[in-house]
Amino acid sequence: MSGLLAAWNEQGLLGLVNLGLAQFAGTDKIALTIALLTPVLLIFGRREMRYRRLLRLRNLIASYPTISERSRTGLDDYEDRNPSFEFVKSKYLADMQIELGDETSKANITPRDEIERAIALARRFGSMLEVRLFISALGLTILTYYGFANLRVVLLSGIETPFLPPKVPCPPGVASDQLRIVGSLAFAGGYIAAVRIFVRSLTVFDLSTSTFLRQTIEIVASVLFVIFTFKAFPDPFVALKDLVAGSETNAACPLGTISAVWLVLAPVIGLLPQSATKFVAVRVQSLIAWVKMDDDRFSAVTHVVPLDVIDGIDYQTRFRLEECGIYDVQNLATYNPILLHVETPYMIYETIDWVAQAQLCHTIGIEKFLFLRNYNVRTIFDLERAIDYRSRAEKDAETNDTTTAGEAGRIGSARSVDGPDEFDLMYAGVLLAPTDALKEVARIGGLQPFTVTNNAVTPGTVDQYCKWAFELIQADDDPPKNKKDKIKACVEHLMGWLADDLHIRRLRRIWQEISDDLGDRTTRIDKERPEPKQESKPEPKPEPKPEDSVQSAGATEGSADPATSPSPPGNGGDGEPDPKGPSG
């Protein structure tokens with residue numbers, strides 16, 4: 001305290017600054033710079049990521065206002081809100097304190113106004129949230145400083161310990177040098193792995209206080225694990241040889257160096273995330289008989305469907321989607337296309353098309369998906385329209401006010417021919433067809449599905465079951481005129497439950513609302529432009545005749561209030577002629 005007072009009395013604030021810098025005179029400037037810049041750059045990147053994505057969200061609702069025009073901050077009725085848009089908006093606005101005013105003004109705030117206020121706040125750096133993030137990163141900052149300071153010393157020494165004769169026990173100083181080298185290499189691997197996770201968290205806007213704390217613990221655990229393992233097995237090859245031979249070699253420092261295995265193994269162990277170590281632990285369970293095992297009989301038929309199967313996704317796009325946590329077709333099928341558009345450089349139509357393809361592939365399987373794609377059925381909505389289709393003429397008849405009753409009856413009666421039964425059978429033959437994966441599942445599980453023929457139940461093969469199911473939907477049990485209706489009902493029932501998943505319903509709503517913004521004219525290339533509605537003009541008032549003007553003037557002079565003035569002679573109170581004639 002006396003030193004602070006002396007520095008303040010001599011040089012004032014400059015003296016305190018010089019005193020503070022003198023305390024860090026012996027510090028490693030490079031390590032200190034890296035330690036401080038790591039959390040600062042991550043927090044700044046998070047703010048910039050929010051700002052850029054809010055801009056994309058604002059541009060989206062400006063181009064397609066139907067997506068958000070019914071959303072209001074103060075409405076109690078959430079029925080008309082688009083949940084997909086609301087989720088994206090809440091993800092980037094949940095932790096921001098936006099002043100919306102009183103309850104009356106909240107109801108009048110549009111989503112665009114709310115996003116504009118969030119954009120203005122996102123430009124500021126140093127909010128309380130960012131302060132909390134930096135405080136949670138203090139442990140990482142201290143660990144990064146000491147880790148890079150030791151790593152710099154190790155690299156400058158050439159990753160070597162002092163020379164010792166062969167088969168000489170390690171002195172304490174040399175042993176600590178070896179532990180420093182191995183620990184520093186493990187820290188380097190752990191730091192790189194943590195930075196990768198930080199960048200991935202930034203990509204999906206998931207960087208939080210728990211992220212900093214978790215990665216700090218992961219780095220410490222990796223370094224300690226490597227140090228303890230190295231202390232137990234300084235040379236893995238010698239330890240393995242002794243284990244096989246049944247002998248034991250005294251601990252020694254051969255030529256005072258570290259085994260080359262540890263120079264590679266130490267950073268690799270640091271690079272391995274916690275999930276990798278858990279995977280190794282699960283695989284080791286197969287060597288222990290008393291541990292409960294996983295049922296991996298069906299691993300040969302439960303492959304992960306890669307993203308490359310989707311039309312328009314190549315290797316580069318696949319790696320970009322993996323940064324958002326989308327690793328396979330199932331992840332893409334259930335992803336929010338609006339969120340994917342906001343968090344990636346891909347446009348909204350592209351993300352909608354990818355999600356619609358993934359939903360079809362995830363629903364019917366990769367074999368049938370690729371088969372139908374060659375028949376121009378690429379998305380889940382293509383299959384839906386191919387099976388349950390309503391003609392444009394019928395839709396136009398429902399929305400066109402000028403359609404006559406005869407035309408509406410003629411077009412409405414065409415409902416039975418708009419969706420040909422041949423197409424229902426064509427696509428039912430694909431959806432109910434057996435595949436090699438289905439046959440393999442039945443073979444591994446010993447499954448023999450039952451078929452019912454003439455009230456006789458018999459087990460059969462997969463081929464027999466699929467053939468029986470296809471024949472069942474077109475069995476001629478009813479009168480011939482109802483056979484087509486039965487086929488149509490069965491196939492559309494099948495399509496009904498296939499297309500009723502929540503993520504498909506969400507995509508359907510986004511599709512419909514964007515279609516509303518595009519307008520009805522876009523349904524066909526030859527659609528005529530609707531004529532603009534002409535506003536009806538008020539009819540001109542007839543010019544008053546001279547005698548009418550005189551009578552009007554007389555009436556005005558005779559009474560100030562027309563409502564209480566007496567009726568003219570010979571007329572009733574409402575201006576009609578008096579049936580009794582003039583009084584008198």
Return the residue satisfying two criteria in turn: it lies in the stretch 463-499 and is among the small types (G, A, S) and modelled with pLDDT of 80 or more, and of such residues it is farthest from I387 (Cα to Cα). A469
Selection from the stretch 310-332 of residues that are in a helix (DSSP H, G or I) and open to solvent by 20 Å² or more (accessible area, probe 1.4 Å): Y315, Q316, R318, F319, R320, E322, Q330, N331
Could you list all residues from the stretch 359-377 that are open to solvent by less than 70 Å² (accessible area, probe 1.4 Å) and either under 18 Å from Q330 (Cβ atoms) or at pLDDT 95 or above (or both)? Q359, L360, C361, T363, I364, G365, I366, K368, F369, L370
Out of the residues in the stretch 221-233 that are open to solvent by 60 Å² or more (accessible area, probe 1.4 Å) and not small (G, A, S), state the one that is farthest from N150 (Cα to Cα). F233
Kindly indicate the residue of the stretch 333-358 that is free of Cβ contacts under 8 Å to residues at least 24 places away in the same chain and part of a helix (DSSP H, G or I) and also surrounded by the most Cβ atoms within 10 Å (Cβ to Cβ) among those meeting that condition. T351
Identity of the residue in the stretch 378-387, in contact (Cβ under 8 Å) with a residue 60 or more places away in the chain and of a type in the set (D, E, K, R), that ends up most open to solvent (accessible area, probe 1.4 Å): R378
Complete set of residues in the stretch 258-273 that are among the aliphatic types (A, V, I, L, M) and without any contact (Cβ under 8 Å) to a residue 40 or more places away in the chain: A260, V261, V264, L265
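This table checks each residue for (1) at pLDDT 75 or above; (2) closer than 22 Å to L339 by Cβ.
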| position | (1), (2) |
| --- | --- |
| L75 | no, no |
| F87 | yes, yes |
| S90 | yes, yes |
| I115 | yes, yes |
| R132 | yes, no |
| L140 | yes, no |
| S157 | yes, no |
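The values are calculated or read from the model by the stated rules, or taken from the named source; none is laboratory data. Worth saying up front: this structure is predicted, and the values here are computed from it rather than measured. Every residue, glycine as well, gets a Cβ built from its backbone with ideal geometry; the counts of neighbours run over all protein chains shown. Just the protein is used for accessible areas: all its heavy atoms, side chains included, with ligands, DNA and RNA removed. Shrake-Rupley method; radii C 1.70, N 1.55, O 1.52, S 1.80 Å.
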